[in-house]
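To start, the structure under review is shown below, and the notes come after it.
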Amino acid sequence: MPGPTDCALVVPISALKPELLTHKLRVAGRVQAYDSMNGIIIIKDGETDDELLVDVSLCLTPFKTYPWLQERNTAVMAVGYLEAYDGEVESYRKPSMILRAILLKERDELDLKLWSEAIKQANETYASVKSSPVTS
């Protein structure tokens with residue numbers, strides 16, 4: 001696993017793909033369900049119906065309450081490593097990827113549409129700067 005100084009790529013859930021496996025990512029979405037037996041939540045993208053499994057077991061402290069685990073549609077932001085997943089999750093279609101979260105925060109004030117649009121604009125700006133010739 002990479003060192004703690006690695007930057008996380010900011011990616012909308014709808015843009016996750018196998019090429020991002022093993023990368024450190026920052027994602028945001030709304031909590032749809034919590035599997036307490038496995039410490040896994042399902043979060044949904046704000047723009048699409050795309051979902052992602054997030055292993056939150058490293059982010060939870062015993063004897064502390066986390067209201068967002070029980071409240072559906074709470075906005076959260078997670079940082080972690082994307083891994084392949086071949087397990088089963090109750091009431092969920094067969095997932096292929098899971099984010100192993102090292103940090104997860106409730107973010108009720110987060111506008112997920114704005115989040116996705118900002119990422120899209122940043123990627124377009126980066127692509128245009130990268131493709132323009134350098135002049136001296």
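The values are calculated or read from the model by the stated rules, or taken from the named source; none is laboratory data. This structure is a prediction, so every number in the text was calculated from the model and none was measured. Note that each Cβ is placed from the backbone with ideal geometry, even for glycine, and that neighbours are counted across all protein chains shown.
Remarks
- Output for region 48-70, where each listed residue is part of a loop (DSSP other than H, G, I, E, B) and either in contact with a Cys (Cβ under 7 Å, 6 or more places away or on another chain) or of a type outside the set (Phe, Trp, Tyr) (or both): THR48, ASP49, ASP50, VAL56, LEU60, THR61, PRO62, LYS64, THR65
- Pairing residues of region 107-134 that are over 13 Å from VAL27 (Cα atoms) with residues that are of a type in the set (S, T, N, Q) and at pLDDT 85 or above, at Cβ distances under 9 Å and at least 6 apart in sequence or on separate chains, gives ASP108/THR74.
- Per-region count, region 33-47, residues over 17 Å from VAL11 (Cβ atoms) and either more than 12 Å from the chain's Cα centre (by Cα) or not in a strand (DSSP E or B) (or both): 8
One line per residue, one yes/no per condition, for (1) in a loop (DSSP other than H, G, I, E, B); (2) modelled with pLDDT of 85 or more:
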site	(1), (2)
ARG72	yes, yes
LEU82	no, yes
VAL89	yes, no
ARG93	yes, no
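- Looking at ALA78, ALA101, just one residue is touching a Lys or Arg at 6+ places or on another chain (Cβ under 8 Å) and part of a strand (DSSP E or B), and that residue is ALA78.
- The listed residue being free of Cβ contacts under 8 Å to residues at least 24 places away in the same chain and closer than 15 Å to LYS105 by Cβ, out of THR74, THR61: THR61
- Among the residues of region 113-121, not a single one is modelled with pLDDT of 85 or more and part of a loop (DSSP other than H, G, I, E, B).
- Hits in region 1-38 - residues which are in contact with a strand residue (DSSP E or B) (Cβ under 6 Å, 6 or more places away or on another chain) and of a type in the set (Gly, Ala, Ser): ALA8, ALA28, GLY29, ALA33
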